[in-house]
Structure formats: C-alpha cells, structure tokens
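What follows is a short report on a single structure.
The values are calculated or read from the model by the stated rules, or taken from the named source; none is laboratory data. Bear in mind the structure is a predicted one, so any value in this text is a computation, not a measurement. Note that we place each Cβ from the backbone using ideal geometry, even for glycine, and neighbour counts take in every protein chain shown.
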Amino acid sequence: MADGNTTTIHEPSTKEIRLVIAASSAGTVFEWYDFFIYGTLAAFVGQAFFPDVGPTLQLLLVWAGFAVGFGFRPLGAILFGYWGDKFGRKYTFLVTVTLMGIATAGVGLIPTADTIGIWAPIIVLVLRILQGLALGGEYGGAAIYVAEHSPPNRRGYYTGYIQASVVGGFVLSIAVVLSSQLIFSDEAMASWAWRIPFLLSLVLLAISLWMRLKLNESPVFRQMKEEGEISGNPFVESFTYPRNKKRIFIALFGVTGILTTIWYTAFFSALSFLKGPMRLDTTTTEIVIGIAALLGMGFYVLVGAWSDKVGRKRPLVIGAGLTLLLLFPLFWAMGSLANPGLQASAKAAPVVVSGTSCTTDPFADLTGTKLSTCGQLLETLTASGVPYSVEDAAETSVTVGGEQIAIAPEWLSNDDATRKEAAAARKAGLEAALTERGFDFSVQHPGLLSLIGIGLVLMVLGGLSALTYGGVAAQLTEMFPAQIRYSSMSIPYHIGAGYLGGFLPLIASYINARTGDAYAGLWYTWVVVAFGLVVAWWGLKDGPPRDFEDDT
C-alpha cells in the first residue's frame, strides 16, 4: 500500500489467495442468502405475520420489514467497521456471519400472528434489525479482506468474486425456495414448510465458520499492527482525516447510490413486478429470474477484471448512463412479454375513474383512514394491477373504453366490521366486469420464446448492475487509507445500500400503489442514478487503478 509504510507486506501465495477468495465469497453468499430469503419468501412472511390486512398493505408491510434491516446497516457499519479497523478484518466478519445466521434461523422459529398476535411482527422486526447490523459489517470485511490480499493489477478481478457472491446469495435463496415448493405441497408451504429455508441458515453458518476459521489475518492489517499504526478511533478519524468527508460523499452518492438502486431494481423490483401486476406464475418467475441471475454472475467478475485495465470509473459511468436510457424500455419490454393482454386491453379499453377526493392510501387499513368511494375503487384497481386514469367529477363512476360499470352498494364500506367483505366484493365485481371487456386476470404462463425474452431482459438489467458493481470493492478499498478503511468504506456503502437501495422496494411499491401505474416506481431509481452519475463524473478520478494516496 502507498500509505507511507516502509515494511514489506507479505505477498500471499496463489494457494492462499484462492482460499481467501473461496472462503470470503462463500461466506458472502451465505450471509446475503440469509438477508434475501426474507424478500424471496415475502408472500409467506406476509401471510404468517401480517394476516389481517389487504394484499397491497400486506406487501408494503413485508417490504417495510425488509427495509428495517437495511435501515440498521449503517449502524452495523459503524460498529463493525470500528472493530475491523481496531481488532482485525478476520475476526470481525466471523462475528457478523454468526449474528446473521442466528437471526435468520430465528425468523423460522417465530410463531405466527394468529398464535401470539402483535408480538409476531415485533419479533420479526427485531431479528431484521440484527440481520441489518450483521450485514453492515459483512460486506466491508469481506471486500477489504480480499482486496488487501490482492496485487493492485488483479484487485478488481479478485474482488469481483465478492460482488458476484451478492448475486449468488439471491440465486441461492431462489433455488432453496423453488426446491421447497417442489418438495412440499402448497398447503404445507403456507402452513409450515416456508420456515425451512430460514432454518437452513444454521447449516450455512456452520460451513461458513469452518471455512473462515482457516484464514489468516489480512497482511495489511498485520503490518499496521506491527508498526503501531492502528487507528485510535476509526469512526471519528473517518470524518477528520484530510479530505475524507469528500471521499465519503462521493462513495455514498457517486458509487453506492448508483449501484444499489440498479441492483435492487434489476432483481427485487423485477421479481415483484412479474409476480404482482404482470401476474406471471410464481414458480415460473422465480425460475426465470434465478437462471438469469445465475448466468449473469460472471458479468461481475468480468467487469472487475476490466476495471483493472481501464480504471474503476469508466465501467460505473457507462453502466449508470445506460441505465438512464434503458430502464423504462427494458421494463416495458418485460411487461409486454409477460402479460401482453394486460397492456393491449388497457390500451383498447382504458379505465377511467371519476369522482371527488380521488386518491388512495395504501396504509389506510393500518392508520384507520377512511377512503372516499373513489379511493376505495382505486385501491382495488391498484391491487388488481389495472392501469387507470383519474378525472374530477361530482359523481363517482368507473368507465372502461367509455362504457360505464355499475357500482354495487355492497362494494363500498368504511366500517371496520364490513370493510374486508366490501373489499372482497369490490374486487370480485370489478374484475368480473373488466373480464367481460377483455381484461385477463388469470395467472400468466407465457410461451418459451416469451420466457427467453424475459430472461434476456433480466440479463441486460444484470449487466447494467455488473457495470456499476463489478469493480466497486476494489474502488472503495483504494479510496480510503488503510488504518480507517473498514469504517470509511462501510459507512457510505451501507448508508447508500441501507437507505437508497434497501428502501427501494417499499418506496417503489408505494409509488405504484398511489399512482396505479406499475412502472411509476422506476422513477425513484432513475432520479437516484441520475444524481449519482453527476457526482461520479465530478468526483471519481480517471486513469488506471492505484493504491490510496494522501493527495487524492
């Protein structure tokens, strides 16, 4: 490292580097599996812990629980970043992987809300907080550990395996869920078998600990310890080290803000989009996304290797720029392939809702908000994935292709005792009327060519993610001085990933629910990436990769 040190750093052998990459990558796969399995099993989690609400709110509550874990990642980054800079990289991420495995298994042991009431979702949220804390320390530890074992001209390539491992955790979660659904009946999955993927984390934890206990401490940290250069307070020094606040700002918005919103849009938004408004068969969706993600894992390693040659900035800027151009067209294409009848019907027979106070609140069941007649209709159309437009009028009405639908009295209620029955009647009545006018609310099973097309779109999204993510572990390692590196890179990374990315499914779903437009939530990604691109263009240095230097 070019930090003013004179002692020669131990150069790991090829065998050591392979063990470092294998153990770090496997641990990262397992830890992200633990974190993602909650989102992959969102439907079952919602039924078990948030049963007494409508489908839209149930999904939002599940994604809120998902977001809570991300919200605590920055605190985990501060805590474990401090430990990693003070006590070493190796033992810190042994602690994080243990905490993650235990917290994940705990979700699989919680009684349902029908059994223990409000305590069920409360315990879920507590365990999600523990998962978030653990993940806040995991990524920085694994990325730095591999980077500090790597020669500068191979750092992007070697750390690219860590980036691919994040996708690997998502793929593993999909594979385990699909295997469970293949082995167990739908009734068993809904009743108890959904818990098995959570409990599997104990097995993965044992494997991860076995592999990581074989590792030695990072050579850079060992050198700093020998020379007495360990930071006194890594958290404080991260904000007092010369020009480090600027580096943290660039890392937060110009690096992490870009990569994390693209990543979660490519995988979780696509998963929710296909299963939800596009009504694609659940198993088919998971298989297509799982295969596309698996095939796309190699992109991250390739981009990491490319960044060793052209620098870290170029792939990220190219990926962000292409995302701004392609994001909406790619999702439009995916929607047309997944459910062509929905778009054709909406175009041929547009749905127009007229009335006063024509707004809906997806959290109405939770807050006790009384929706207007128009708002109740919008709530149901949104939950059914039907695009609509709204017009002000004195009387409430729904027209399809200019033809008015009769609104039955039993569809409408704001009384707590009859609200659920009214919602069910409204859903059945509206969908029946729309079906007569060409809308198809059946589960979609596209042909092979359409599925291949969806898979290709998902791989393009994965490629955009790889461009912005593949070289990032090396880039963030090189941006910060070694003695405060764990803290300095973990804090902006997990603030960005925790808030800008982690809240993306919740924010995007909320935007979709408020607008009735399945594509509206993509604007969140577009705006964050656009701002990040400006910051990256301004703040990141061009040229070949190099170790941290104080004049940067």
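Among the residues of the range 511-543, none is identified as free of Cβ contacts under 8 Å to residues at least 12 places away in the same chain and in contact with a Gly (Cβ under 6 Å, 6 or more places away or on another chain). Going through the range 299-355 one residue at a time, which ones are surrounded by fewer than 16 Cβ atoms within 10 Å (Cβ to Cβ), among the hydrophobic types (A, V, I, L, M, F, W, C) and over 24 Å from the mean Cα position of the chain (by Cα)? Across the range 299-355, the qualifying residues are A344, A348.
Have a look at G462, G532, G498, G453 and point out the one that is crowded, with 24+ Cβ neighbours inside 10 Å, closer than 30 Å to V386 by Cα and among the small types (G, A, S). Let's see the steps before the verdict.
On the way: G532 fails: closer than 30 Å to V386 by Cα; G498 fails: closer than 30 Å to V386 by Cα; G453 fails: crowded, with 24+ Cβ neighbours inside 10 Å.
The unique qualifying residue is G462.
Out of curiosity, is S231 over 24 Å from V288 (Cα atoms) and at pLDDT below 80? Taking the combined requirement at face value, the residue satisfies it.
Kindly check whether there is at least one residue in the range 412-433 that is more than 17 Å from the chain's Cα centre (by Cα), within 25 Å of P350 (Cβ to Cβ) and not in a helix (DSSP H, G or I). Spell out how you get there, then give the answer.
So in the range 412-433, the residues more than 17 Å from the chain's Cα centre (by Cα) come out as 412-433.
Still in the running and within 25 Å of P350 (Cβ to Cβ): 412, 423, 425-433.
Right, trim to not in a helix (DSSP H, G or I) and you get 412.
Checking the range 412-433: at least one residue is more than 17 Å from the chain's Cα centre (by Cα), within 25 Å of P350 (Cβ to Cβ) and not in a helix (DSSP H, G or I).
Which condition from (1) in contact (Cβ under 8 Å) with a residue 24 or more places away in the chain; (2) surrounded by 22 or more Cβ atoms within 10 Å (Cβ to Cβ) is the one that T285 breaks? Of (1) in contact (Cβ under 8 Å) with a residue 24 or more places away in the chain; (2) surrounded by 22 or more Cβ atoms within 10 Å (Cβ to Cβ), only one is false for T285: (1). Checked against the criterion of being buried (at least 19 other Cβ atoms within 10 Å of the Cβ) and charged (D, E, K, R), the candidates R222, R243, R212 yield just one match: R212.
For first residues located in the range 259-282 and more than 20 Å from A346 (Cβ to Cβ), partners that are of a type in the set (D, E, K, R) and lie 6+ apart or on another chain with Cβ distances below 6 Å form the pairs T282/K275. Of the helices (runs of 4 or more DSSP H) lying entirely inside the range 1-80, those containing at least 3 residues that are within 24 Å of V95 (Cβ to Cβ), among the hydroxyl-bearing types (S, T, Y) and modelled with pLDDT of 75 or more are 14-40. When you check A105 against the structure, is it under 30 Å from T265 (Cβ atoms), assigned by TED's automatic domain parsing to the domain that holds N233 and surrounded by 24 or more Cβ atoms within 10 Å (Cβ to Cβ), yes or no? It is false that A105 is under 30 Å from T265 (Cβ atoms), assigned by TED's automatic domain parsing to the domain that holds N233 and surrounded by 24 or more Cβ atoms within 10 Å (Cβ to Cβ). For E229, the stated conditions hold: it is surrounded by fewer than 17 Cβ atoms within 10 Å (Cβ to Cβ), in the same structural domain as M479 (by TED's automatic domain parsing) and on the phi < 0 side of the Ramachandran plot.
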